[in-house]
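> My questions all concern the structure below.
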Amino acid sequence: MQQREAATMAADENTPLLENGAAPKAAKAARVNKIAGAVLSPANRILLAGFIMSFALGTTQVPIIYVFRLMECDVFYSHRPPFDGPGDDRCHRREIDAGTATQVSLLGMFTSISGVFNLFVCGYFIKVWGARWAFVSQTVLVGMRVSSQIIAVTIGGRAGEIIFQSFQLIGIVGGPRGYQLVLNTAVSELVAAKDRTAVFGRLQGAIMLGTAFGLILGGVLGDVYNIRRPFEVAFFLYVTSTLYGVLFMPDSTGNGHVGQKQNSRGISAFFAPLKIIVPHKYRLKSGKIIKNYSLIFLAIGIFFGVFATGYAPILLQMYGTSEFNWGTTENGLLMFGNSALRGVFLLFMFPKIISAGRIWFNGEPAATETRYPEPERHIPTNPEEFEATEGGEVPQEPVQSPDLDEEDSGTGFDLLFVRWSLVVDSCVTFFAGFSTDNWQVYLAGYLLPFASGSAPAAKGVMTELCAPHERQDAISVITLVESTATLATQGLFGLIYSAFSEVGQPKLTFFCNAGFAALGFVVLFMAYLPPPDSKRSDGEHDLETVTEA
């Protein structure tokens, strides 16, 4: 009894509520939870999804060329006497090289055309199902395509080539362009407007890093085991991507517009991205109405930019092979370095360039923080002061959405960055035409990644020039422009390089490539931002004055 009274007397208002060491442990646990929350944030989970998918895709890129060479070799000797010489020389024939180039070109054509249609289909899936299940649909379908490639490699010959090429049409419903569209759309809904351009770059960087390591893994697996093993590993990675999407892909943030959900079905929603690239009307502060054609010129400029830059890595490989007798090792080293440096640049350097450039372009943002002081708000302290919810539902924590004041912040610098990145790319490609040694080609390949931020910066500009409910369609338009430019550059520059090679001047292709990049820079100067105090007025019919600018 006396011990209990002594303990009661010892516990007064100065006695800590927690035992010794409990407070530091709680603070440490809070710090760990905070770090884990930052690392496993929804945006970072989307970046990891992009890395895994591109890693799986990159695993089969190098073996595909070798597989088609083997299958074309089997086709060649199927109606000729067996080869008597060394095994390594069995497929070293000009006819086999020509046949391989033809079949790979057909494969690339099917892939590119499927990718263009895939953007419309996947955009429709996003509107109907949401980002998570649209992503899962892409991973499942691409996994089915790789399973068909395993069968094609096993069969070989002409039948294997036909299976390989025909099943590329699965890419119309699910393919690489589609999953990139899903990830760009999902991440654009999760970040504030001022961070959108930077996160587009980080996502593209994660994709490029995954591609770089996939290229290395695919080559190693093909050399160490057999040519079928990279496709089997890729199938396992697609299964992993599907499970990851089901379990960890974030749901929609809830910032979508009800009208968009209601109109997400039907043929109009399927072709909605095409309606983005049109002139838009803006009402100035004075009441005057102007027309702005920036979205059209931005799309055309990006087309010429991708048209030039998209072929540069292939051009460097072909030039190194023809002029310096490169093999798979040299080409693999060039492509790995190019992709890895591009990934590192977009992940770590590009966001800092955008942030610092916006401060330089717009000035310090501190001056705008006190422009619109918020009114004082009454904080309820008694139960009767809280508002009742309808139906007795438990109030949910609202999803944080970007502030309206952050819209259009720094878009001017983003547009400036898009223009001058094409200038840098044009200069590097131009001087690559004067290469007379191996290291100069490698240098050009390793410098090009530092001009690779034009696509994510263009996505940032496009999403800011569109209404919030049009952002997903705006991302679809940019991706569609990139896909169309990639399809065009593979055909046209292949012919240009072939024509210049016949006259013994393949290096002239570099100068043509640089010229198209410079043309994109000129077109982008015709794209400009609307006046600061203007507002979109596309739905108005009583227009006072229309000035075409």
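The values are calculated or read from the model by the stated rules, or taken from the named source; none is laboratory data. The structure presented is a predicted model; accordingly, all values stated were derived computationally and were not measured. Cβ coordinates were reconstructed from backbone atoms using ideal geometry, including for glycine residues, and neighbour counts include every protein chain displayed. Ligands, DNA and RNA are stripped out before the accessible areas are found, and what is left, the full protein with its side chains, is counted by its heavy atoms. Shrake-Rupley method; radii C 1.70, N 1.55, O 1.52, S 1.80 Å.
> Among G160, G143, which is the only one that is within 22 Å of the chain's Cα centre (by Cα) and in contact (Cβ under 8 Å) with a residue 60 or more places away in the chain? Break it down stepwise before answering.
On the way: G160 fails: within 22 Å of the chain's Cα centre (by Cα).
It is G143.
> Can you work out which of the residues in region 144-172 that are among the small types (G, A, S) and open to solvent by 20 Å² or more (accessible area, probe 1.4 Å) is nearest to P230 (Cα to Cα)?
Taking region 144-172 and keeping what is among the small types (G, A, S), we get 147-148, 152, 156-157, 159-160, 166, 171.
Right, trim to open to solvent by 20 Å² or more (accessible area, probe 1.4 Å) and you get 147, 159, 166.
On the way: S147: 12, A159: 20, S166: 20 Å.
Taking the candidates together, the pick is S147.
> I need the full set of residues from region 503-521 which are surrounded by fewer than 20 Cβ atoms within 10 Å (Cβ to Cβ) and in a loop (DSSP other than H, G, I, E, B), in order please.
V503, G504, Q505, K507
> Looking only at region 436-466, how many residues end up being open to solvent by 20 Å² or more (accessible area, probe 1.4 Å) and over 19 Å from the mean Cα position of the chain (by Cα)?
Number of matching residues: 9.
> Now, a different point. Hey, among A499, A444, A457, which residue is small (G, A, S), in a helix (DSSP H, G or I) and within 21 Å of G301 (Cα to Cα)?
On the way: A499 fails: within 21 Å of G301 (Cα to Cα); A444 fails: within 21 Å of G301 (Cα to Cα).
On inspection, the qualifying residue turns out to be A457.
> Being modelled with pLDDT under 85, over 26 Å from G210 (Cα atoms) and open to solvent by 50 Å² or more (accessible area, probe 1.4 Å) is the filter here; which residues of region 27-73 pass it?
Within region 27-73, K28, A30, R31, V32, N33, K34 meet the criteria.
> Would you tally the residues in region 264-305 being modelled with pLDDT under 85 and of a type in the set (K, R)? Working first, answer last.
Step one: list which residues in region 264-305 are modelled with pLDDT under 85, which gives 264-278, 280, 285-287.
Checking the rest, the ones that are also of a type in the set (K, R) come to 265, 275, 285.
Summing the residues that are modelled with pLDDT under 85 and of a type in the set (K, R) in region 264-305 gives 3.
> Condition check: out of contact with any Cys (no Cβ under 6 Å at 6 or more places or on another chain) and surrounded by fewer than 19 Cβ atoms within 10 Å (Cβ to Cβ). Does A98 satisfy that?
Details: out of contact with any Cys (no Cβ under 6 Å at 6 or more places or on another chain): yes; surrounded by fewer than 19 Cβ atoms within 10 Å (Cβ to Cβ): yes.
Yes; evaluated as a whole, the condition is true for this residue.
> Same structure again: Scan region 272-294 for residues that are closer than 17 Å to K535 by Cβ, charged (D, E, K, R) and not in a loop (DSSP other than H, G, I, E, B) and jot them down. Spell out how you get there, then give the answer.
Just the residues of region 272-294 that are closer than 17 Å to K535 by Cβ, to begin with: 279-292, 294.
Now drop any that are not charged (D, E, K, R), which leaves 281, 283, 285, 288, 291.
Selection gives K281, R283, K291.
> Something else about it: Could you list, in sequence order, the residues of region 201-237 that are buried (at least 24 other Cβ atoms within 10 Å of the Cβ), small (G, A, S) and under 19 Å from the mean Cα position of the chain (by Cα)?
Within region 201-237, G201, G205, A206, G210, G214 meet the criteria.
> Please determine, by comparing only the residues of region 101-131 that are among the aromatic types (F, W, Y) and under 24 Å from F303 (Cα atoms), which one is most open to solvent (accessible area, probe 1.4 Å). I'd like the intermediate steps shown before the answer.
Start the filter on region 101-131 by keeping residues that are among the aromatic types (F, W, Y), which leaves 110, 117, 120, 124-125, 129.
Filter once more, so that each one left must be under 24 Å from F303 (Cα atoms): 110, 117, 120, 124.
Numbers: F110: 66, F117: 114, F120: 26, Y124: 63 Å².
So the residue we want is F117.
> What are the residues in region 295-336 that are in contact with a Gly (Cβ under 8 Å, 6 or more places away or on another chain), open to solvent by less than 30 Å² (accessible area, probe 1.4 Å) and either of a type outside the set (G, A, S) or not in a helix (DSSP H, G or I) (or both), if any?
Of everything in region 295-336, those that are in contact with a Gly (Cβ under 8 Å, 6 or more places away or on another chain), open to solvent by less than 30 Å² (accessible area, probe 1.4 Å) and either of a type outside the set (G, A, S) or not in a helix (DSSP H, G or I) (or both) turn out to be I302, F307, P313, L316, W326, N331, L334.
> Among the residues of region 284-294, write down those that are out of contact with any strand residue (DSSP E or B) (no Cβ under 6 Å at 6 or more places or on another chain), open to solvent by less than 40 Å² (accessible area, probe 1.4 Å) and among the polar types (S, T, N, Q).
Going through region 284-294, the residues out of contact with any strand residue (DSSP E or B) (no Cβ under 6 Å at 6 or more places or on another chain) turn out to be 284-288, 293-294.
Restricting the remaining residues to those that are open to solvent by less than 40 Å² (accessible area, probe 1.4 Å) gives 287, 294.
Of everything in region 284-294, just one residue is out of contact with any strand residue (DSSP E or B) (no Cβ under 6 Å at 6 or more places or on another chain), open to solvent by less than 40 Å² (accessible area, probe 1.4 Å) and among the polar types (S, T, N, Q), namely S294.
> Here's something else I'd like to know. Would you point out which residue out of V75, V67 is within 24 Å of V224 (Cα to Cα) and of a type in the set (A, V, I, L, M, F, W, C)?
Details: V75 fails: within 24 Å of V224 (Cα to Cα).
Being within 24 Å of V224 (Cα to Cα) and of a type in the set (A, V, I, L, M, F, W, C) holds for just one of V75, V67, which is V67.
> For region 213-249, how many residues meet the condition of being farther than 22 Å from F135 by Cα and small (G, A, S)?
3
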